[in-house]
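What follows is a short report on a single structure.
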Amino acid sequence: MTETATVVTAERTETTAAPVLDVVIPVYNEETDLGGCTRRLHAYLRDGFPFPARITIADNASTDATLQIARSLAEELDGVRVVHLAVKGRGRALRAAWECSDAQVVAYMDVDLSTDLNALLPLVAPLVTGHSDLAIGTRLDAASRVVRGPKREIISRCYNLLLKATLRAHFSDAQCGFKAMRSDVARRLLPLVRDGEWFFDTELLVLAERAGLRIHEVPVDWIDDPDSRVDIIDTARKDLLGIWRLGRALATGELPLDALRRSVGREPLVSGVPLGMVGQLVRFAIVGVLSTVAYLLLYVALQPMAGAQVANFAALLITAVANTAANRAFTFGVRGQAGAVAHQFQGLVIFGIGLALTSGSLFALHHSVPDASVHVELFVLVIANSVATLLRFVGLRWVFRDNTCADLNRKEDRR
């Protein structure tokens, strides 16, 4: 349940037939700019835009004449409506406006219209056709033309680099006030977005990306508003807290990403073949190499004291437990404690197959060459472990595929 569910109330004017596009303008104390910017956007949508469109002015707790001006504009101009919230927060305003929209595509832009309106059609068109799920304007593309001071430029680039480093984000510009989304996708994503302020955009995009949704980026021409009243220090602090909260939720498996993928139609194209197979193989190989090195070191340390078979059993058991835990989190992305014991038990069953292969190989070696050196034993064990590793990958894919789906289904049943 989102943090805004119990505090947001909305009043809105009645509109006519459902438009293709609903452009939301979130405002807080914008009595000076609201009238001119709304009329400019309205004229653009009326005279040159190919899809039926509506403007929604989302006022979030303004204390000046913004709400009165918004209502006057709704009475004056066709296709303009007003949503009023008693609580401040851009994310809350967008959530309230988008959730009650009947348009095919919902979008938003800043009231100052810093972004050139000629980018609106390239932003919306991939969503109307159904090719993309979300679209964002980017000021950080080489083809973008941006006018703003060095301070805001550095802050913006550092923030997006931080997102790439901490949340593995691949989109280029999280905070550009120029975004659009298909309404059916919005209805799936918005209940999972907790932030109601400036981190709202980032959280929405990270969830969309992790769900496998297609994010279309449009280079924009953008001129900074010198009268911006955003508190940079307070916003930065809240963004860092948001990154920490979202990163923790992703790491612990709190977010039902696989269930979200299924709900938005981004499940694997072929049943039983997981997404990101190449990445899984690479990560499994890394874990496998480290496990093999640890296994060989343990075997060499234990073999003189315990003998070949006991050393093999102990080294294989210890590394198998660590290997299952590492592959669970690193290779297959299964987070949290739910199902961990069952996964280890199933991993030990697969360990038994590896033990049979390696122990059998040692037995056959010693039967054929009773005086085989430890170097020959290691060579035989490496070959046997290679075969066991292939079987282990197939087995772990089955283990984590089935258990992940079961865990997510249980989460859905509890919701």
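For the range 171-190, state whether one or more residues are modelled with pLDDT of 90 or more, among the basic types (Lys, Arg), farther than 30 Å from Phe393 by Cα and in contact with a Phe, Trp or Tyr (Cβ under 7 Å, 6 or more places away or on another chain). Yes; the residues of the range 171-190 include at least one that is modelled with pLDDT of 90 or more, among the basic types (Lys, Arg), farther than 30 Å from Phe393 by Cα and in contact with a Phe, Trp or Tyr (Cβ under 7 Å, 6 or more places away or on another chain).
Residue-by-condition table, conditions (1) under 24 Å from Ile55 (Cβ atoms); (2) in contact (Cβ under 8 Å) with a residue 24 or more places away in the chain:
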| residue | (1), (2) |
| --- | --- |
| Leu161 | no, no |
| Ser172 | no, yes |
| Cys176 | yes, yes |
| Arg182 | yes, yes |
| Val185 | yes, yes |
| Val193 | yes, yes |
| Glu203 | no, yes |
| Leu213 | no, yes |
| Asp225 | yes, yes |
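The single condition among (1) touching a Ser or Thr at 6+ places or on another chain (Cβ under 7 Å); (2) modelled with pLDDT of 80 or more; (3) part of a loop (DSSP other than H, G, I, E, B) that Leu213 does not satisfy is (1).
Can you tell me which of Tyr44, Tyr108, Tyr28 is at negative phi, open to solvent by 10 Å² or more (accessible area, probe 1.4 Å) and in contact with a strand residue (DSSP E or B) (Cβ under 9 Å, 6 or more places away or on another chain)?
Values: Tyr44 fails: in contact with a strand residue (DSSP E or B) (Cβ under 9 Å, 6 or more places away or on another chain); Tyr108 fails: open to solvent by 10 Å² or more (accessible area, probe 1.4 Å).
It is Tyr28.
Yes/no per residue for (1) closer than 21 Å to Leu121 by Cβ; (2) open to solvent by 40 Å² or more (accessible area, probe 1.4 Å):
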residue: Lys179; (1), (2): yes, no
residue: Arg182; (1), (2): yes, yes
residue: Ala186; (1), (2): yes, no
residue: Val193; (1), (2): no, no
residue: Glu197; (1), (2): no, yes
residue: Phe200; (1), (2): no, no
residue: Asp231; (1), (2): no, yes
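The residues listed here are Asp173, Asp184; of these, the one that is among the acidic types (Asp, Glu) and in contact with a Leu (Cβ under 7 Å, 6 or more places away or on another chain) is Asp173.
Quick check on the range 82-105: of everything there that is charged (D, E, K, R) and surrounded by 22 or more Cβ atoms within 10 Å (Cβ to Cβ), which residue is modelled with the lowest pLDDT? Let's see the steps before the verdict.
Of the residues in the range 82-105, the ones charged (D, E, K, R) are 88, 90, 92, 95, 99, 102.
Next, from what is left, pick out any that are surrounded by 22 or more Cβ atoms within 10 Å (Cβ to Cβ): 90, 92, 95.
Values: Arg90: 91, Arg92: 94, Arg95: 94.
Ranking the qualifying residues of the range 82-105, first place goes to Arg90.
Residues checked against (1) surrounded by fewer than 16 Cβ atoms within 10 Å (Cβ to Cβ); (2) more than 37 Å from the chain's Cα centre (by Cα); (3) not in a helix (DSSP H, G or I):
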| residue | (1), (2), (3) |
| --- | --- |
| Asn312 | no, yes, no |
| Ala326 | no, no, no |
| His343 | no, no, no |
| Ala356 | yes, yes, no |
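Residue-wise test of (1) more than 18 Å from Arg187 (Cβ to Cβ); (2) modelled with pLDDT of 75 or more; (3) surrounded by fewer than 19 Cβ atoms within 10 Å (Cβ to Cβ).
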{"residue": "Arg248", "(1), (2), (3)": "yes, yes, yes"}
{"residue": "Thr252", "(1), (2), (3)": "yes, yes, yes"}
{"residue": "Arg262", "(1), (2), (3)": "no, yes, yes"}
{"residue": "Pro268", "(1), (2), (3)": "yes, no, yes"}
{"residue": "Gly272", "(1), (2), (3)": "yes, no, yes"}
{"residue": "Met277", "(1), (2), (3)": "yes, no, yes"}
{"residue": "Phe284", "(1), (2), (3)": "yes, yes, no"}
{"residue": "Leu290", "(1), (2), (3)": "yes, yes, yes"}
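Considering only residues that are surrounded by 15 or more Cβ atoms within 10 Å (Cβ to Cβ) and among the small types (Gly, Ala, Ser), look in the range 52-71 and name the one that is farthest from Gly89 (Cα to Cα). Don't jump to the end; show me each part of the working.
Just the residues of the range 52-71 that are surrounded by 15 or more Cβ atoms within 10 Å (Cβ to Cβ), to begin with: 52-62, 66-67, 69-71.
Retained after the next criterion (residues that are among the small types (Gly, Ala, Ser)): 53, 58, 61-62, 70.
On the way: Ala53: 25, Ala58: 10, Ala61: 8, Ser62: 10, Ala70: 17 Å.
Step by step, filter the range 52-71, then rank; the result is Ala53.
Looking at Ser114, Ser132 in this structure, which one is open to solvent by 10 Å² or more (accessible area, probe 1.4 Å), in contact with a strand residue (DSSP E or B) (Cβ under 8 Å, 6 or more places away or on another chain) and more than 19 Å from Phe199 (Cβ to Cβ)? I'd like the intermediate steps shown before the answer.
Numbers: Ser132 fails: open to solvent by 10 Å² or more (accessible area, probe 1.4 Å).
That would be Ser114, the only listed residue that is open to solvent by 10 Å² or more (accessible area, probe 1.4 Å), in contact with a strand residue (DSSP E or B) (Cβ under 8 Å, 6 or more places away or on another chain) and more than 19 Å from Phe199 (Cβ to Cβ).
Just one of (1) open to solvent by 10 Å² or more (accessible area, probe 1.4 Å); (2) within 21 Å of Ile232 (Cβ to Cβ); (3) under 20 Å from the mean Cα position of the chain (by Cα); (4) not charged (D, E, K, R) fails for His170. It is (2).
The values are calculated or read from the model by the stated rules, or taken from the named source; none is laboratory data. Not measured: the values here are computed from a predicted model. Cβ sites come from the backbone with ideal geometry, for glycine too, and all protein chains shown count toward neighbours. We work out accessible area using only protein heavy atoms, side chains counted, and drop any ligands, DNA or RNA first. Shrake-Rupley method; radii C 1.70, N 1.55, O 1.52, S 1.80 Å.
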